[in-house]
Amino acid sequence: MENRTDIRNRFNWWLPLFAAIATFSLFGAVVMWTAERLVYALFVVPLMSLLLASVIAATVKKGGRLLPNLSILVSYWVISTVLVMNYSAIRTDARWLIWSHVYKSEVLSQPASTTGDLKHIEWDGWGWAGMDTSTFLVFDPTDSLRQAAKGHRPGKFNGIPCEAPVVRRLESQWYSVQYYTDVGWNDCP
């Protein structure tokens, strides 16, 4: 039978696992709330780090072990770093997964364009100090944007009036088209 010291010195995997689950939950809430990754990186991460450090210090002061408690903070930082690096893709996929039916009906309810533009809506936007980024949700009934999305290449495409730096396929016939720095659907440089 194990004695109390051996049990206490064991590493508890549930601590970093709990931190991972909490990190994904917190990140998910922030992703749905704002398009700006800096909110999470500059506000949420430092605040949560201070909170976790305070809890760890209090736990260690009461006789808890440092390493298992520190694993919570390290887990939070590592997972947060990976999530922030992929913020835009995660936000796009999450929004599409949850609300695609709403966006589809909004786009499909538009009348056909007289200029040959694909049906679209402004879907997302973020930025500050005149450096705004806009993303449009585009319905492409012929899937002509498929190669652009697959090749990850910018270009001028049929049905889109301005050169598009980023085209991403969401599902068959549905794409997101992203523009940087105050360039929009009809605001070509």
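The values are calculated or read from the model by the stated rules, or taken from the named source; none is laboratory data. Here the structure is a predicted model, which is why all the values come from computation and not from measurement. Counting neighbours? That spans all protein chains shown, and the Cβs are built from the backbone with ideal geometry, glycine included.
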Self-check item: Some residue of segment 85-104 being in contact (Cβ under 8 Å) with a residue 40 or more places away in the chain, of a type in the set (S, T, Y), within 21 Å of A35 (Cβ to Cβ) and part of a loop (DSSP other than H, G, I, E, B)
Solution: no
Quiz item: Limited to segment 134-189, what total is found for residues that are under 21 Å from T114 (Cα atoms), of a type in the set (D, E, K, R) and at pLDDT 95 or above?
Solution: 1
Self-check item: Selection from segment 105-121 of residues that are without any contact (Cβ under 8 Å) to a residue 24 or more places away in the chain and in contact with a helix residue (DSSP H, G or I) (Cβ under 9 Å, 6 or more places away or on another chain)
Solution: K119, I121
Self-check item: Qualifying positions in segment 79-105 - surrounded by 14 or more Cβ atoms within 10 Å (Cβ to Cβ) and not aliphatic (A, V, I, L, M)
Solution: S80, Y87, S88, R91, T92, D93, R95, W96, S100, Y103, K104
Quiz item: Taking into account only those residues within segment 113-144 that are among the aromatic types (F, W, Y) and surrounded by 15 or more Cβ atoms within 10 Å (Cβ to Cβ), which is farthest from the chain's Cα centre (by Cα)?
Solution: F139
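I'm trying to understand the selection: among the residues of segment 25-42, which are over 20 Å from S134 (Cα atoms) and either surrounded by 13 or more Cβ atoms within 10 Å (Cβ to Cβ) or of a type in the set (D, E) (or both)?
L26, F27, G28, A41
One line per residue, one yes/no per condition, for (1) among the hydroxyl-bearing types (S, T, Y); (2) in contact with a Leu (Cβ under 7 Å, 6 or more places away or on another chain); (3) closer than 30 Å to V167 by Cβ; (4) assigned by TED's automatic domain parsing to the domain that holds W126:
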| site | (1), (2), (3), (4) |
| --- | --- |
| F43 | no, no, no, no |
| P46 | no, no, no, no |
| I56 | no, yes, no, no |
| K61 | no, no, no, no |
| S71 | yes, yes, no, no |
| S75 | yes, no, no, no |
| I79 | no, no, yes, no |
| R91 | no, no, yes, no |
| W99 | no, no, yes, no |
Practice problem: Sort out which residues of segment 169-183 are surrounded by fewer than 19 Cβ atoms within 10 Å (Cβ to Cβ) and farther than 17 Å from V107 by Cα, and write them in order of number. | Solution: Y180, T181, D182, V183
